[in-house]
Amino acid sequence: MHRRLAAVIFTLVVTSLAAVAGAQQKSPGAGSIVVLETAKGTIEFETYPEEAPKTVAQILGLVKKNFYNGQRFHRAEPNFVIQVGDPVSRDFSRQSWWGRQSSGKPIGVTEITKKRRLVLGAVAMGYPGSDKAAADSQFFILRRAAPELEGKYTVFGKVLKGMDVVAKIERGDVLKRAYLKDEAAKP
């Protein structure tokens with residue numbers, strides 16, 4: 001009887017620990033967590049300041065300035081990617097221009113590493129044309145692994161929570177608010 005009860009308790013404890021471990025475990029070396037409150041739910045992603053310090057500093061700086069608040073996802077391709085970061089996307093009447101603008105302050109460097117890959121949930125910088133150093137404020141989240149893009153984009157984060165939300169995002173959906181998780185209490 002005691003063995004059976006002990007086995008049940010052990011199973012419950014192991015199951016609970018596994019659920020907690022899988023629920024938002026940051027990777028070794030990960031930095032701040034960015035929270036994106038969207039019209040469809042919340043997405044949280046960790047950042048990689050060790051591999052992409054200038055890129056992470058750029059994105060965190062823009063988040064702290066509320067740059068992304070009220071923007072729309074200007075790109076949403078099924079089974080591929082969602083993208084945000086164009087301030088013109090706040091104006092629904094200018095849809096034909098969405099995806100062409102940025103904050104106006106390019107990062108000026110490419111921080112591509114083999115350590116962080118373009119896997120499901122990867123968060124990476126978009127850039128205009130062929131100049132990777134022109135990446136600025138637009139970033140994308142992958143809805144699937146994209147090995148064909150390796151070596152072309154700076155991966156600076158990965159979704160920890162909310163891939164179900166990423167799957168639901170459509171072009172034109174609003175990013176209500178972006179903030180750093182440790183500053184969640186701030187309005």
TODO: Rounded to the nearest Å, what's the spacing between the alpha carbon centres of region 145-166 and region 94-133? Just the number, please.
DONE: 12 Å
TODO: Using the structure shown, list the pairs from 40/114; 40/158; 115/158; 64/152 with a Cα-Cα distance above 22 Å, or answer none.
DONE: 40/114; 64/152
Open item on the list: Can you compute 3J(HN,Hα) from phi for each residue in region 174-180, using the Karplus curve 6.51 cos²θ - 1.76 cosθ + 1.60 with θ = phi - 60°, rounded to whole Hz and x for Gly and Pro?
Closed with: 8, 8, 4, 7, 10, 7, 8
Task: Sequence-distant aspartates and glutamates (8 or more away, or on other chains) whose Cα lies within less than 16 Å of residue 105 - done: 86, 131, 136
Task: Relative packing of peptides 150-158, 65-73 - highest average C-beta neighbours within 10 Å first - done: 150-158, 65-73
- [ ] Can you pull a Stokes-Einstein diffusion coefficient for region 39-141 at 4 °C (1.567 mPa s), Rh from Kirkwood over Cα pairs, as a whole number of µm²/s?
- [x] 91 µm²/s
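Read the figures in this text as sums done on the coordinates, not as results from a lab. Model, not experiment: these values are computed from the prediction. Because the Cβ atoms are built from the backbone with ideal geometry, glycine has one as well, and the counts that use them run over all protein chains shown.
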